[in-house]
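Q: Once you've had a glance at the structure underneath, I'll fire off some questions.
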Amino acid sequence: MSTYFYRMKNPLFLIVFLALSLTSGWGQVTYHADVAPIIHNACTECHRSGEIGPMPFTSFEEVSAYGPFIEYVTSIGYMPPWTPDADYSHFVGERVLSAAEIETISAWVDAGMPEGDPADNPGEPVFPEGSQIGEPDMVFGMAESYTHGGDMTDQYQVFVMPTGFEEDVTVRALEVRPGNGAIAHHAVLGVDIEGIAETLDAQDPNPGYESFGDFGFDAYQNFFGAWVPGAQTLVYPEGIGRVIPAGSDLLMQMHYGPNAVEESDQTEINVFLTEGPIEREVATGIMGPWTLGEPFLIPANQVKTFHGTYYIPTDLSFISIAPHSHLIGNSWEVFATSPNNLDTIPLISIPAWDFNWQGFFTFPYMTKVPAGYTVHGIASYDNTADNPFNPNDPPQLIEYGDNTGDEMFFVFFDYVLYEEGDEDISLETPLLSSVEPLERDAPGIKLQPNPASDRIQMLVHPSFVGSTWALRDLGGRMVLSGRFSSGNDRILIGALPAGVYLFQGPQGTQRVVIQR
């Protein structure tokens with residue numbers, strides 16, 4: 001009883017409580033109607049068979065077995081894993097539960113985790129196989145599988161993939177397809193034009209070669225791309241791309257997470273070429289420890305903050321950003337300021353750094369940083385015994401180094417030279433395959449307008465009335481569903497984020513673009 005009255009004093013809980021009462025009936029928060037859509041959207045992509053989540057969340061039995069645990073990790077913001085502060089800046093593919101969703105899970109657990117009617121379940125999302133975005137032009141893969149022992153340790157292994165290109169090649173997307181999601185934690189791509197990685201590979205008896213932190217040398221491109229579970233593949237807008245030099249090798253550093261049993265992996269990279277010459281090549285800017293103005297040393301038993309800077313000499317359009325530190329990293333804030341300090345562009349804030357959940361974060365739209373601005377990177381490090389991730393007990397002096405027990409200070413950001421109108425270019429991932437238009441008199445479903453902002457009108461052929469439809473994001477997660485009730489229905493989409501979605505109906509799949 002005391003818990004009930006305490007929560008009723010919380011205004012946010014009261015609002016959610018009343019909303020649930022109106023929509024579901026008094027005390028009728030159930031798994032199938034209320035919790036399953038949240039779990040499917042935010043958890044199942046990683047928590048299913050063969051993926052990195054340690055337990056599956058695909059059914060009532062599986063979710064209810066961990067109900068109190070799910071309530072706890074979602075209430076403290078530990079799950080779903082998303083380290084950037086969503087109140088500071090936004091990125092493609094954000095995995096952030098709303099306050100209402102968190103309270104829904106809590107209310108369900110408090111009610112004893114009732115199952116409800118299975119007919120209310122929207123159904124498990126259909127996750128893509130082979131590619132998120134289309135048919136690749138070519139595929140590079142590990143020459144042989146790599147086996148990671150079941151010793152509950154992390155492993156960083158670099159694999160070398162000769163391209164055999166006789167001339168420079170321009171690409172619009174590089175898509176990492178992990179072979180074994182149970183151990184594949186994340187991947188970082190690079191390019192080697194000197195053959196150094198092949199030499200390192202030959203010196204290691206295992207497939208690939210071991211390297212913590214980076215590729216073990218200063219590669220031609222150290223951050224050519226990245227992958228983390230749940231991330232959408234970045235497709236560069238038309239006229240923009242990356243260049244893979246002739247005769248170069250693609251490098252892929254795989255982070256294999258701890259596992260209790262021996263597992264093998266053979267990850268591939270889907271390569272999508274541009275349809276013609278590119279007008280602007282994506283480049284990577286790097287803010288490193290040389291920008292700090294002081295030695296990069298973190299004394300034992302201290303919390304130390306470093307401030308790096310990167311001057312912007314000409315107008316740039318930022319595409320993505322990636323702060324990087326190791327185990328004693330504590331927080332990051334990256335922003336750009338004008339020469340007179342009257343304007344500040346917030347780029348990314350990570351208030352609770354987590355070494356295990358890092359990657360390239362893509363801005364929803366190309367983000368202009370004007371000439372004369374300065375990018376600031378402020379990172380703190382906790383080298384005390386209070387930091388549970390500190391690799392040393394007792395704490396020791398930590399210096400810059402490649403090993404996980406060492407430390408780093410880097411901010412990587414992908415950019416192109418700015419052109420007018422870049423701010424209106426969405427970086428949400430489009431499909432790389434076109435959808436054939438419906439013939440005017442043929443049975444089908446016409447969606448208009450498309451792109452749309454607040455609603456989509458559905459002109460439905462009479463033969464399809466009564467059939468079901470679903471709207472999914474590019475990760476396969478269902479965001480809306482329904483049944484055609486007439487020949488002129490509509491979908492209200494005002495609450496959905498801008499981006500590209502897939503409309504699935506009885507006639508097949510159509511692409512829908514939501515704009516804001």
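Q: For the subset of segment 194-205 comprising residues that are in a helix (DSSP H, G or I) and of a type in the set (Gly, Ala, Ser), which member is nearest to the chain's Cα centre (by Cα)?
A: Restricting attention to segment 194-205, the residues satisfying the condition of being in a helix (DSSP H, G or I) are 196-203.
Next, only the ones that are of a type in the set (Gly, Ala, Ser) stay: 197, 202.
On the way: 197: 28, 202: 33 Å.
Filtering segment 194-205 for residues that are in a helix (DSSP H, G or I) and of a type in the set (Gly, Ala, Ser), the one nearest to the chain's Cα centre (by Cα) comes out as 197.
Q: If you don't mind, another one. Going through segment 80-116 one residue at a time, which ones are out of contact with any strand residue (DSSP E or B) (no Cβ under 7 Å at 6 or more places or on another chain), within 23 Å of residue 426 (Cβ to Cβ) and of a type in the set (Gly, Ala, Ser)?
A: Those that are out of contact with any strand residue (DSSP E or B) (no Cβ under 7 Å at 6 or more places or on another chain), within 23 Å of residue 426 (Cβ to Cβ) and of a type in the set (Gly, Ala, Ser): 86, 93, 98.
Q: Does segment 180-205 hold any residues that are surrounded by fewer than 19 Cβ atoms within 10 Å (Cβ to Cβ) and either in contact with a Ser or Thr (Cβ under 6 Å, 6 or more places away or on another chain) or of a type in the set (Lys, Arg) (or both), and which are they?
A: Within segment 180-205, just 193 meets the criteria.
Q: Of everything in segment 194-216, what is under 25 Å from residue 413 (Cα atoms) and touching a residue at least 24 places away in the same chain (Cβ under 8 Å)? Give them in sequence order.
A: Within segment 194-216, 194, 197, 211, 212, 213, 214, 215, 216 meet the criteria.
Q: Are any residues in segment 206-242 assigned to a strand (DSSP E or B) and surrounded by 18 or more Cβ atoms within 10 Å (Cβ to Cβ), and if so, which ones? If you could, list the steps in order and put the result at the bottom.
A: Pass one, segment 206-242, residues assigned to a strand (DSSP E or B): 209-210, 221-227, 240-242.
Matches in segment 206-242: 209, 221, 222, 223, 224, 225, 226, 227, 240, 241, 242.
Q: Same structure, new question: Say we look at segment 303-328 and pick out the residues that are closer than 23 Å to residue 402 by Cβ, outside any strand (DSSP E or B) and of a type in the set (A, V, I, L, M, F, W, C); which of these is nearest to the chain's Cα centre (by Cα)?
A: 327
Q: Go through segment 137-170 and report how many residues are part of a loop (DSSP other than H, G, I, E, B) and either out of contact with any Asp or Glu (no Cβ under 8 Å at 6 or more places or on another chain) or charged (D, E, K, R) (or both).
A: In the first step, residues of segment 137-170 are kept if they are part of a loop (DSSP other than H, G, I, E, B); the result is 137, 142-145, 149-154, 163-168.
From the residues that got through so far, the ones that are either out of contact with any Asp or Glu (no Cβ under 8 Å at 6 or more places or on another chain) or charged (D, E, K, R) (or both) too are 137, 143-144, 151-154, 164-168.
Result for segment 137-170: 12.
Q: From (1) buried (at least 22 other Cβ atoms within 10 Å of the Cβ); (2) assigned to a strand (DSSP E or B); (3) modelled with pLDDT under 95, pick out the condition that doesn't hold for residue 365.
A: Exception for residue 365: condition (1).
Q: May I ask you to list the residues in segment 262-298 that are in the same structural domain as residue 374 (by TED's automatic domain parsing), assigned to a loop (DSSP other than H, G, I, E, B) and exposed (fewer than 12 other Cβ atoms within 10 Å of the Cβ)?
A: 293, 294, 295
Q: Can residue 328 be described as of a type outside the set (Gly, Ala, Ser), within 17 Å of residue 408 (Cα to Cα) and surrounded by 14 or more Cβ atoms within 10 Å (Cβ to Cβ)? Give the derivation first.
A: Values: of a type outside the set (Gly, Ala, Ser): yes; within 17 Å of residue 408 (Cα to Cα): yes; surrounded by 14 or more Cβ atoms within 10 Å (Cβ to Cβ): yes.
The answer is yes for residue 328.
The values are calculated or read from the model by the stated rules, or taken from the named source; none is laboratory data. Everything numeric here is computed off the predicted structure, so don't read it as measured data. For neighbour counting, all protein chains shown are included, and Cβ atoms are generated from backbone atoms with ideal geometry for every residue, glycine included.
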